[in-house]
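Peer 1: Below is a structure I'd like to ask you about.
Any read-out appearing in this document is the output of simple, stated calculations on the displayed coordinates, not a laboratory observation. Keep in mind that what you see is a predicted model, and the values were worked out from it rather than measured. Because the Cβ atoms are built from the backbone with ideal geometry, glycine has one as well, and the counts that use them run over all protein chains shown.
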Amino acid sequence: MTDVYDPFDPAFQADPYPAYRRLRDEEPVHRHAEPPFWALSRFDDVWAAVRDAAAFSSAQGLTFFPDEIGTLGLAPTMVMLDPPRHTVLRKLISHGFTPRRTAALEDLLRAFVRGRIALMERKAADGEPVDLHRDFSSPLPTFALAHLLGVPEADRARFDPWVAALVGFQDGGFGAEALNAGGAIEAVSEMFQYFTDLVAARRAEPTGDLISALAAAEADGERLTDWDILGFCFVMVAGGNDTTGNLISHGVALLDGDHGQRERLAADPSLIPNALLEFLRLEGSVQALARTTTAPVVLHGVEIPAGEKVMMMYGAANRDEREFGPTADRLDVAREIPRHLGFASGVHFCIGSHLAKLQARVALEELLAAHPHVGVDLDRAERLSSAFTRGWVSLPATGIGADAS
Ligand code: HEM
């Protein structure tokens, strides 16, 4: 079974779920030949591995490319550090990036979302194509992060292309070609310079924003260095944009696949927070990320040697019937989900999950209230091509304008 899982194959990327099932059922410890790596796909296995940072390290990078950190040429950010350094950094960052700071954004995000709905309505009325992903889901996280990071209104036009370059280069993988594509390196270095200046300005004269809070954060006598803060800005922008936009788009696409569920959610918006977890479980923005074994590990009778890359197949684990029962493949907005891997688990559990959930909740509350029949045209949609993430480039909307039924 050498090619059941080919992460680069467009057919696999379009519908990875049959391959995931075969992996779980037939080869839960899968060895991929080229590039060489292992893949874990059952929920219990991924859950245990990702929560054991001593045996499964993040320090060699999160893809199956061998020298991702060297190619990037950057000091590792928190997501590529192991304890104990990671523990110190995460504690400090948590002091500045609090759920309370996130919650305070709600009204602002709601106003932005309403503005985007009005824009889509105008476009529909003018007979212009409306793209749910480009016009609605994707601009929201960029707006939220720019605001949170204290990027002034006047600089937003510069911020957006940096985000696009950073996200694009991440999705293309970390090979040298992908890195050089689309001026990504230049965009990233511009962005670093911009945030270096911003950190210096906030250190000199703190405001109430996140960067000022991070600069002031202190725990056990330690403070964040400039690099620590920059590194955090970098992972926030790289990891918090596409992921969140895609959660919203996946949600609308999933609801359009089951109108009974859509009606139920529109009628009872208090189910939206739970529905978001269900969307993430069924169509996770992050499908798989790697760890590296620090010692030999034996699982289901197979030995994975030390120093090997092992993919944590979050997307496969989240549809495992062993965890979610016989309806694991089906959308159920009221499903009880005691645990899932949409935001990973363990020490690297997504630190932005509260921000992602807030944005997606506000987006869906407003969209379903204004357009309860909103849907998407999958035949004209364009998927993102990526071995690690799942999402959209373009997702034409239906049900916004005159065709609403
Ligand atoms: C639906 C949206 C999101 C999804 C699906 C998602 C998913 C994830 C996952 C799977 C991880 C673990 C990475 C690993 O296994 O190594 C992670 C970590 C992380 N995420 Fe998110 N994320 C989302 C939104 C955000 C947002 C909005 C932010 C912005 C603040 C963010 C910032 C981070 C950071 C900084 C980490 C690293 C945490 C650490 O290493 O301790 N994410 N995210």
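Peer 1: Run the helix sum for the chain: -39,500 (n - 2.57) per DSSP H stretch of 4+ residues, divided by residue count, reported at 222 nm to the nearest 500 deg cm²/dmol.
Peer 2: Helices in the chain give a 222 nm mean residue ellipticity of -15000 deg cm²/dmol.
Peer 1: For residue 52 and residue 329 in one chain, what is 0.36 nm times their gap in residues minus the Cα-Cα distance, to one decimal in nm?
Peer 2: Roughly 97.0 nm would be gained on extension.
Peer 1: Now, a different point. Of 239, 139, 46, whose Cα points farthest to the positive end of the dipole of segment 10-398 (charges on the beta-carbon: +1 Lys, Arg; -1 Asp, Glu; origin at the Cα centre)?
Peer 2: Of the listed residues, the answer is 46.
Peer 1: Measuring from label point to label point, each 7 Å out along Cα→Cβ, what is the residue 121 to residue 200 span in nm?
Peer 2: Those two pseudo-labels are separated by 4.6 nm.
Peer 1: Using R₀ = 22 Å, calculate the FRET efficiency as 1/(1 + (r/R₀)^6) where r is the Cβ-Cβ separation of residue 128 and residue 156; round to 0.05.
Peer 2: Using R0 = 22 Å, I get an efficiency of 0.45.
Peer 1: Within segment 325-405, which GluC sites (Glu not before Pro) sit in a loop by DSSP and count at most 10 neighbouring Cβ atoms inside 10 Å?
Peer 2: Filter output for segment 325-405: 336.
Peer 1: Can you give me the relative contact order of segment 30-152 as a percent, contacts being Cα pairs under 8 Å and 6 or more apart?
Peer 2: 13 percent
Peer 1: Any lysines with Cα under 23 Å of the residue 91 Cα? List them, leaving off those in the same chain fewer than 8 positions away.
Peer 2: Correct list for residue 91: 357.
Peer 1: Also, I was wondering about something else. Only four residue types carry charge here, +1 at the Cβ of Lys and Arg and -1 at the Cβ of Asp and Glu. Report the dipole size of segment 277-346 about the Cα centre in Debye, rounded to the nearest 20.
Peer 2: 140 debye
Peer 1: Please state the charge dipole magnitude for segment 296-405, taken about the Cα centre, from unit charges on C-beta atoms (+1 on K and R, -1 on D and E), reported in debye and rounded to the nearest 20.
Peer 2: 240 debye
Peer 1: Another one. Where in segment 344-376 is the amide nitrogen less than 19 Å from a point lying 7 Å along the Cα-to-Cβ axis of residue 271?
Peer 2: It comes to 360-376, nothing else.
Peer 1: Name the chymotrypsin sites (Phe, Trp or Tyr not before Pro) in segment 296-405 that are in a loop by DSSP and that have at most 16 other C-beta atoms within 10 Å, would you?
Peer 2: Values: sites: 314, 324, 343, 349, 388, 392; in loops: 343, 349, 388.
For chymotrypsin sites (Phe, Trp or Tyr not before Pro) across segment 296-405 that sit outside H, G, I, E and B with at most 16 neighbouring Cβ atoms in 10 Å, the list reads 349.
Peer 1: What is the chain's relative contact order, in percent, from Cα pairs under 8 angstrom and six or more apart in sequence?
Peer 2: Dividing the mean separation by the residue count of the chain yields 26 percent.
Peer 1: Rounded, prolate or oblate: which one fits the chain, using the alpha carbon gyration tensor with axes a ≥ b ≥ c (rounded when a/c is under 1.5, else prolate when a/b beats b/c, else oblate)?
Peer 2: Since a/c reaches 1.5 but b/c is at least a/b, the shape of the chain is classed as oblate.
Peer 1: When DSSP beta bridges are limited to those with both residues in the chain, what percentage is antiparallel, rounded to the nearest 5?
Peer 2: 90 percent
Peer 1: Counting Lys and Arg as +1 and Asp and Glu as -1, each charge on the Cβ, what is the dipole of segment 10-398 about the Cα centre in debye, to the nearest 20?
Peer 2: Details: 37 positive and 53 negative charges, 126 e Å.
In total the dipole reaches around 600 debye.
Peer 1: Distances over 15 Å make up what percent of all Cα-Cα pairs in segment 57-145?
Peer 2: Cα-Cα pairs in segment 57-145 separated by more than 15 Å: 72 percent.
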